[in-house]
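**Q** Just passing along the structure, written as structure tokens.
Nothing in this text is a laboratory measurement; each read-out follows from the coordinates by a stated rule. Note that this is a predicted model, so its numbers are computed, not measured. Glycine gets a Cβ as well: all are built from the backbone with ideal geometry, and neighbour counts include every protein chain shown.
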Amino acid sequence: MDNLGLIGMISIFTAGLTIGLGAIGPALGEGRAVASALSALAQQPDESNTITRTLFVGLAMIESTAIYCFVVSMILIFANPFWDYFTQQTGGGG
Amino acid sequence: MDLKQISPDEVVFWQWRFVTVNATLVYTWVVMIVLVFCSWLVTRSLSTGPKISRWQNLLEVIVDGIRGEIAEITQQRPERYLPFIGTLFLFILVSNLLNIVPGFVYVAPTASLSTTAALAICVFFAVPIYSIANDGILGYLKNFVRPTPLMLPFTLIGELSRTLALAVRLFGNVMSGTKIVAILMAVAPLIFPVLMHVLGLLTGVIQAYIFAVLAMVYIASASRVREEEVQEYRLIVQNEKQGHDQKLSQGHEGLKDHG
């Protein structure tokens, strides 16, 4: 297999792996955060404003790891620097 | 936006040598014009009487909501932070919500890393500015060596990395929304893109809220809150509440008299 095919194959494979693994961790973390926020809400409904706000901020923090993985996989698929370099070298064969 | 372009920076409308006008610039100006024009339209005929126009009511609800949130987070008077945080919130909100305007090929300017990086850099500079305005330069610098000077490098790294995180989070969220709609348009163009658009509206609002809240938390954590100020603020809130309750009970009595 030539270089270009190898790069394309590995980037697509890695992009899928990145987003797949990157979704597992944040999903577990967000599940735990929401579960404890719900039990806190059930115990203290008066504090719902503070709990909801803190929950949203915390969820955004957890979610950002998944977003980083997404951005990396998007770069691998649509803006891959190695792919661009090799297509230029081989005269735009891609 | 085409499937291959991961940011509206790459959609070029007009180019002359090194000057390029891309979608990010155009739509940023569209959002700014919408915001300025709407607020000009609303504030032209403000009234303090019992009858106010619908638009003034909407604006009052928004401003009052932002004030309340800021006051709850900082436990201080919100007026100082209102212009900056409110502008951030409204700009991100409007640029995310304009997606639903039909017949107008719009890409949210927040789907470009340059816009979100600019917003994050504004927050990066706002933190020391507000902190110095609150405590003076020494008070601000003391923050870096608390609790021990050993923590100095970590504090510095934290400052930089959270700015980066702020930018990439907003960019990734908005970009993923547009990207998923584009992919679904290519795969199943009937109903699914509409559902994803609805989800995109929800995340757009939440992201605007989160950006504003995080900026506020960073600013508030850098400026050491003086105890007297907190007491003063609590007193004000209590007085307002009592005044409100009194008004309510007066209203009830008035109703009873009539009945």
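**Q** Span-like helices, chain B: DSSP H, alpha-carbon axial extent 15 Å or more, mean Kyte-Doolittle 0.5 or greater, which ones?
**A** Those that pass (Cα extent of 15 Å or more, hydropathy at least 0.5) are B:23-43, B:82-97, B:113-142, B:152-187, B:192-222.
**Q** Apply the a/c threshold of 1.5 to the C-alpha gyration tensor of segment B:20-95 and tell me whether it is rounded, prolate or oblate. Write down the numbers at each step before the final one.
**A** Working: a/c = 3.06, a/b = 1.28, b/c = 2.38.
Oblate shape, in that a/c is at least 1.5 and b/c is the bigger or equal ratio.
**Q** Now, a different point. Using the membrane-span-like helix rule (whole DSSP H runs, Cα extent along the own axis of at least 18 Å, mean Kyte-Doolittle hydropathy at least -1.0), which helices of chain A qualify?
**A** Long hydrophobic helices here: A:3-43, A:48-78.
**Q** With contacts defined as alpha carbon pairs under 8 Å and 6 or more residues apart, what's the relative contact order of chain B in percent?
**A** Here the relative contact order equals 25 percent.
**Q** Shifting gears a bit: With just the Cα atoms of chain A, tell me how far they stretch along each of the three principal axes, in Å, largest first.
**A** Between the extreme Cα coordinates on each principal axis of chain A lie 66, 19, 11 Å.
**Q** Which three lengths, in whole Å and largest first, does the protein assembly as shown cover when its Cα atoms are put on their principal axes?
**A** 89, 56, 48
**Q** Mean residue ellipticity at 222 nm from the helices of the protein assembly as shown, using -39,500 (n - 2.57) per DSSP H segment of n ≥ 4 over the full residue count, to the nearest 500 deg cm²/dmol?
**A** -27000 deg cm²/dmol
**Q** Could you size up the charge dipole of the protein assembly as shown around its Cα centre, putting +1 on the beta carbon of Lys and Arg and -1 on that of Asp and Glu, and report it in debye to the nearest 20?
**A** The dipole of the protein assembly as shown has a size of about 300 debye.
**Q** Is the C-alpha gyration tensor of segment B:1-156 telling us rounded, prolate or oblate? Criteria: a/c under 1.5 is rounded; beyond that, a/b larger than b/c is prolate, otherwise oblate.
**A** Numbers: a/c = 2.67, a/b = 1.17, b/c = 2.29.
In terms of gyration-tensor shape, oblate.
**Q** Would you please state the base-10 log of I(q)/I(0) at q = 0.10, 0.12, 0.18, 0.19 1/Å for segment B:68-205, with intensities from the Debye formula using one equal scatterer on every alpha carbon?
**A** The Cα Debye sum returns log10 ratios of -0.47, -0.64, -1.08, -1.15.
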